[in-house]
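Have a look at the structure below before the remarks.
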Amino acid sequence: MKLYNIKENDEQVSFGQAVRQGLGRNQGLFFPTDIPALDNIDALLEEDFVTRSSKILSALIGDELSESQVSQMVDTAFQFPAPIKSVKDGTYALELFHGPTLAFKDFGGRFMAQSLATVSKGGKITILTATSGDTGAAVAHAFYGMADINVVILYPKGKISPLQEKLFCTLGNNIHTVAIDGDFDDCQALVKKAFDDEALRQEIGLNSANSINISRLMAQICYYFEAAAQMSKSERENLVISVPSGNFGNLTAGLLAKALGLPIKRFIAATNANDTVPRYLETGKWDPKPTVATTSNAMDVSQPNNWPRIEELCQREGWGLDTLGSAAVTDEQSAASVKELHDSGYLCEPHGAIAYRALQEQLAEGETGLFLCTAHPAKFKEVVDDILGTDIELPGPLAKHAAMDLLSEDLANDFDLLKTVLRKVQ
Ligand SMILES: *Cc1c(COP(=O)(O)O)cnc(C)c1O
């Protein structure tokens, strides 16, 4: 597999390099040079999730890894289903929250962990990442117990939900969590400083695990195929998919699935009030505003990292504006949709409800609609209970961790202190 840096096209890397490096020169994102057209999609859709996903990813990665290596990675990473549920005639929910941390980020996080372990050149690896909630949990669980890999996760003390904190700060072993006396930007700044420190990087084998790593997007391609596989051929012929978007990785993966040959008619990029992309698609002006807090906080992003990949792909494939619709949904509208879905017998949290709402507005006669449910409703229990007047139950993994002790250490917002921690965990 060959990938190039979107900003500096002469920088070309292999899959292994892209996974290890994360970002290219000048902060450029890596993108595949060739996207193979998969043949006989109908036969592929007959396969089971793991077999089919191995074939898709093997076709993308090419001969850099053997088919059995890829299938082993997929088999370990995808140990939970991605079912579709019919919520009304012609409209399905794709449930991506059956993994260990109850959000779709488990797919990408776990496949990235497997990828990194497979392409690493030996020696110790330290994964350092900052989180405002969900990503940290997915990364922690994905790397938990892996030999020769230490994970250090920084998060703003007191600024993530208690339940989120319990989910990834109770693991121990090779997972080290540090509550920084500061906000999320301070945590990100500390991570950046560590990456700028070349000596430290070498010494501890520093690696990032953030959302721009191409292996995460590759994993996410697979559940679009899995959704289509659960529909009849006639249903999937006119398929419109609505994606609740923040950093736009999920949507990038969907578009990659289409480029590989999955017959998806069009996508809807659904955002909350952080509507940089819907405004851009309407006016042609890229004009990010300050990020505002919403009830769908995993989508509170006003400068989506993955957008350049989407533009690159649409341009390369010659896709016009009819491939990509968009909608910005308010908190009030998303709450109304949570209610509406609940009344018709489906429990959904605000992120999924935003995608549902956009789909409702834009689905035409004769089309099949699919909206992505990116998190388990219990992960946003407070908001959901508030909207519905319910007291929804915590699912097993969340309940188990909620009862465990926090293992985090507190740290001042100080790079020298962080360095000490990074050396200590080796
Ligand atoms: C991360 C996240 C999103 C946004 O996904 P992107 O790939 O960043 O667009 C949506 N919903 C939930 C629950 C998330 O955790």
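The values are calculated or read from the model by the stated rules, or taken from the named source; none is laboratory data. Values in this document were obtained by computation on a predicted structure and should not be read as measured data. Here the Cβ is made from the backbone with ideal geometry for all residues, glycine too, and neighbour counts use every protein chain on show. Just so you know, the surface numbers come from the protein's heavy atoms only, side chains and all, with ligands and any DNA or RNA stripped out. Shrake-Rupley method; radii C 1.70, N 1.55, O 1.52, S 1.80 Å.
Odds and ends about this structure:
- Restricting the first member to segment 398-418 and to residues that are in contact (Cβ under 8 Å) with a residue 24 or more places away in the chain and more than 19 Å from K381 (Cα to Cα), and the second to residues that are of a type in the set (G, A, S) and surrounded by 12 or more Cβ atoms within 10 Å (Cβ to Cβ), the beta-carbon pairs closer than 6 Å and six or more apart or on different chains are L407/G172; S408/A179; D410/A179; N413/G182.
- Enumeration of residues in segment 212-251 that are open to solvent by 20 Å² or more (accessible area, probe 1.4 Å) and either part of a strand (DSSP E or B) or within 16 Å of the ligand (Cβ to nearest atom) (or both): N247
- Listed here are the helices (runs of 4 or more DSSP H) enclosed by segment 36-97 that have at least 1 residues being buried (at least 20 other Cβ atoms within 10 Å of the Cβ) and among the hydroxyl-bearing types (S, T, Y): 49-61.
- Counted residues, segment 252-271 - those being in a helix (DSSP H, G or I) and either of a type in the set (A, V, I, L, M, F, W, C) or over 22 Å from F78 (Cβ atoms) (or both): 5
- Filtering G389, G396, G369 for residues that are modelled with pLDDT under 95 and either more than 16 Å from the ligand (Cβ to nearest atom) or under 17 Å from L163 (Cβ atoms) (or both) leaves a single hit, G396.
- Hits in segment 247-267 (condition: more than 17 Å from Y223 (Cα to Cα) and in contact with a helix residue (DSSP H, G or I) (Cβ under 6 Å, 6 or more places away or on another chain)): none
- The residues in segment 196-210 that are within 16 Å of the ligand (Cβ to nearest atom) and either surrounded by 24 or more Cβ atoms within 10 Å (Cβ to Cβ) or free of Cβ contacts under 8 Å to residues at least 24 places away in the same chain (or both) can be counted, and the count is 1.
Condition check ((1) over 22 Å from S242 (Cβ atoms); (2) away from the ligand (no atom under 16 Å from the Cβ); (3) at pLDDT below 95) across all residues:
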{"site": "G24", "(1), (2), (3)": "yes, yes, yes"}
{"site": "I41", "(1), (2), (3)": "no, yes, no"}
{"site": "S54", "(1), (2), (3)": "yes, yes, no"}
{"site": "E67", "(1), (2), (3)": "yes, yes, no"}
{"site": "P83", "(1), (2), (3)": "no, yes, no"}
{"site": "T91", "(1), (2), (3)": "no, yes, no"}
{"site": "P100", "(1), (2), (3)": "yes, no, yes"}
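- Count of segment 103-131 residues which are surrounded by fewer than 24 Cβ atoms within 10 Å (Cβ to Cβ) and touching a Leu at 6+ places or on another chain (Cβ under 9 Å): 5
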